[in-house]
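The structure appears right after this line, and notes come after that.
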Amino acid sequence: MVGDQKAIALEHVCRNFEVENERIAALDDISLDVRHGEFVALIGPSGCGKSTLLRLIAGLIEPSAGRVYVDGGTPSQARERRLFGMVFQDPVLLPWRNVIDNIRLPLDVVDHAARRDAEDPRELLDLVGLKKFERARVWQLSGGMRQRVAIARALLLRPRILLLDEPFGALDEITRQQMNLELLRIWAERRTTAILVTHSVAEAVFLADRVIVLSPRPGRIASQTCIPFDRPRLPELLRAPSFFEQAAAVSAELLAATETPI
Amino acid sequence: MRVAPVVIVLLVVVAWEVTERLASAAHPAIPAPLTIASTFQTSAMVLWLNLQPTLFEAGLGFLYGSLAGVGLATLLFAWRTGQAALFKVVVTIHSIPLLAVAPLLVIWFGVGSTPVIILAALACFFPTTVNVHQGLQAVDPANLELMRVLHARAPAVFMHVRLPAALPYLLAALKIGAPSAVLGATIGEWLGSRGLGYLMFSSMVNYQPPLLWATMLLSATLSVAGFSLFQLLERRLAGWHDSVRATDEEAA
């Protein structure tokens, strides 16, 4: 039963925004199924509604038309069950809390039932490689370290679905690659479903089982590419010719989607 | 760099003293610094006895005013529909001159501590209300989104996210409020029979400029002490805040 069920199912989802009394379509007729344990990357030009799609799945906004199912229920039911872990481009840590207390934050704001299943914050600290920085202050950390804290915090309540909204978008290229490897390692250990919004073709191809290219506004699914590489994926893959081929193929899809017919 | 203000003050005081001594007909209303200093000694008991009620009344008024400020700020924040109306009431209360309220309070409550405490509270509640209200909203929207994704309980979000975010705003307001409470109390004491405000009034009526100056200096010291106390607390408790860290780094 559970095996048949989709982690996430979007059925003909549209989302409009009202901007200065003008209706702007952000997403148009998106249908998408995500399997349990699948890693899906969403890529597309700026303003194509990638983040909007993520927020629809999390139930932070409602679709204008169509339906969103998460683990067979509505997004808000999924939130009540604490199925989601979310990481934003900005780590949004609380500056008055040190590293470990930031990871612990979810424990302070949820009810007893959710607290019981939580992971040990110290183990998560170890998992993201910040064991020595337990008591460090947020401003003493580099951008990459802050994002690790945010990832640990997102994992605390054992989410089944990770929503990653350009989590490494603000980091430099080298840190970004390191973080990608970290993320893969963590994801392989936890086997959660993951939806990653990104601007980087290489990041999408390296991390995901499936890369979905969205067209510019209104966002539509322009193409889907399954990424065949075996797991675990090692850094060597980044230099393999097959990797470049895949990346080139996705880049071509992205370019084709971005070109507007006249 | 930090010595400069002290040197300037010292130079002014010395120049003042010298001028007073050289001028053949020095104005008696402007006593020389040494005269004021000796007043502190000769009138030590009077000053001490009148400092106590001011300290008590300003302190209690400050406490009530600050609590009222935090309460009003929370109400303004939580009660969206009544926010605009309530804010107008708050601004109106703040706009009434303390000198106009003082006699009214004396008529209502009689001469004593009560009107003075109320005046001190009235003098200091406003910055706390405005600042804390602002502070409660000084939370990154992404943080609140995270709380929604976690299905967090609203009271817990208030306790763990909004209140701590408002702390630097509260301490900045208390820093401004402490001297205001002293001012409010002194105004109230003008109509009373004790306290630094009363002493200022009586030394005016009895024509005792040196005592008036000494009282003035004492009340200023009290205000500065209140300000410094909360500045210290700000560095201790809100050291994580950008504004506090920036000033610390400048000073270092």
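Structure notes:
- Residues located in region A:129-147, provided they are within 14 Å of another protein chain (Cβ to nearest Cβ), part of a helix (DSSP H, G or I) and farther than 16 Å from A:PRO167 by Cβ: A:VAL138, A:TRP139, A:GLN140
- Residues that are assigned to a helix (DSSP H, G or I), in contact with a Pro (Cβ under 8 Å, 6 or more places away or on another chain) and modelled with pLDDT of 90 or more occur in region A:153-174; there is at least one.
- Flag if A:ASP126 is without any contact (Cβ under 8 Å) to a residue 24 or more places away in the chain, part of a helix (DSSP H, G or I), within 10 Å of chain B (Cβ to nearest Cβ) and acidic (Asp, Glu): no
- Sole residue being more than 12 Å from every other protein chain (Cβ to nearest Cβ) and in contact (Cβ under 8 Å) with a residue 40 or more places away in the chain, chosen from B:ARG235, B:ARG194: B:ARG194
- Any hit, region A:106-122, residues being over 19 Å from B:PRO141 (Cβ atoms), in a strand (DSSP E or B) and out of contact with any Ser or Thr (no Cβ under 6 Å at 6 or more places or on another chain): no
- Against the numbered list (1) hydrophobic (A, V, I, L, M, F, W, C); (2) without any contact (Cβ under 8 Å) to a residue 60 or more places away in the chain; (3) in the same structural domain as A:PRO228 (by TED's automatic domain parsing), A:ILE57 comes up short only at (2).
- Those strands (runs of 3 or more DSSP E) of region A:13-96 in which 2 or more residues are more than 14 Å from every other protein chain (Cβ to nearest Cβ) and not aromatic (Phe, Trp, Tyr) occupy A:22-34, A:39-43, A:65-70.
- Cβ-Cβ contacts under 8 Å between residues 6 or more apart (or on different chains), taken from a first residue in region A:223-243 that is farther than 19 Å from A:ASN180 by Cα to a second residue that is among the acidic types (Asp, Glu), are listed as A:SER223/A:GLU253; A:THR225/A:GLU253.
- Among residues of region B:184-208 being in contact with a Leu (Cβ under 8 Å, 6 or more places away or on another chain), of a type in the set (A, V, I, L, M) and under 16 Å from B:LEU105 (Cα atoms), the one that is surrounded by the fewest Cβ atoms within 10 Å (Cβ to Cβ) is B:ILE187.
For (1) acidic (Asp, Glu); (2) without any contact (Cβ under 8 Å) to a residue 24 or more places away in the chain; (3) surrounded by fewer than 16 Cβ atoms within 10 Å (Cβ to Cβ); (4) not assigned by TED's automatic domain parsing to the domain that holds A:GLY144, each residue gets a yes or a no:
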site: A:ALA7; (1), (2), (3), (4): no, no, no, yes
site: A:ASP28; (1), (2), (3), (4): yes, no, no, yes
site: A:ALA65; (1), (2), (3), (4): no, no, yes, yes
site: A:LEU94; (1), (2), (3), (4): no, no, no, no
site: A:ASN98; (1), (2), (3), (4): no, no, no, no
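- Only residues that are crowded, with 18+ Cβ neighbours inside 10 Å, over 23 Å from the mean Cα position of the chain (by Cα) and closer than 30 Å to B:THR215 by Cβ were counted in region B:37-92, giving 2.
- Of the helices (runs of 4 or more DSSP H) lying entirely inside region B:157-252, the ones with 3 or more residues being within 19 Å of B:VAL130 (Cβ to Cβ) are found at B:163-190, B:209-237.
- A:HIS12 being assigned by TED's automatic domain parsing to the domain that holds A:LEU196 and surrounded by fewer than 17 Cβ atoms within 10 Å (Cβ to Cβ): yes
- For region B:171-191, the criterion of being farther than 30 Å from B:MET45 by Cα and within 14 Å of chain A (Cβ to nearest Cβ) is met by at least one residue.
- The residues of region B:1-60 that are closer than 27 Å to B:ALA185 by Cα and among the aromatic types (Phe, Trp, Tyr), listed by number, are B:PHE40, B:TRP48, B:PHE56.
- Residue match in region B:145-168 (condition: within 17 Å of the chain's Cα centre (by Cα) and within 14 Å of another protein chain (Cβ to nearest Cβ)): yes
- Selection within region A:135-152 - over 10 Å from A:PRO91 (Cα atoms) and out of contact with any Leu (no Cβ under 6 Å at 6 or more places or on another chain): A:ARG135, A:ALA136, A:ARG137, A:TRP139, A:GLN140, A:LEU141, A:SER142
- Some residue of region A:162-175 being free of Cβ contacts under 8 Å to residues at least 12 places away in the same chain, over 21 Å from A:LEU53 (Cα atoms) and within 14 Å of chain B (Cβ to nearest Cβ): no
- Screening the candidates A:ARG153, A:ARG146, A:ARG190 for the property of being more than 19 Å from A:PHE229 (Cβ to Cβ) and in the same structural domain as A:PRO235 (by TED's automatic domain parsing) yields one hit, A:ARG190.
- A:PRO228 falls short on exactly one of the conditions (1) under 30 Å from A:ALA65 (Cβ atoms); (2) of a type outside the set (Val, Ile, Thr); (3) modelled with pLDDT of 85 or more, and that condition is (1).
The values are calculated or read from the model by the stated rules, or taken from the named source; none is laboratory data. All of these numbers come straight from a predicted model, not from anything done at the bench. Cβ atoms come from the backbone with ideal geometry, glycine included; neighbour counts cover every protein chain shown.
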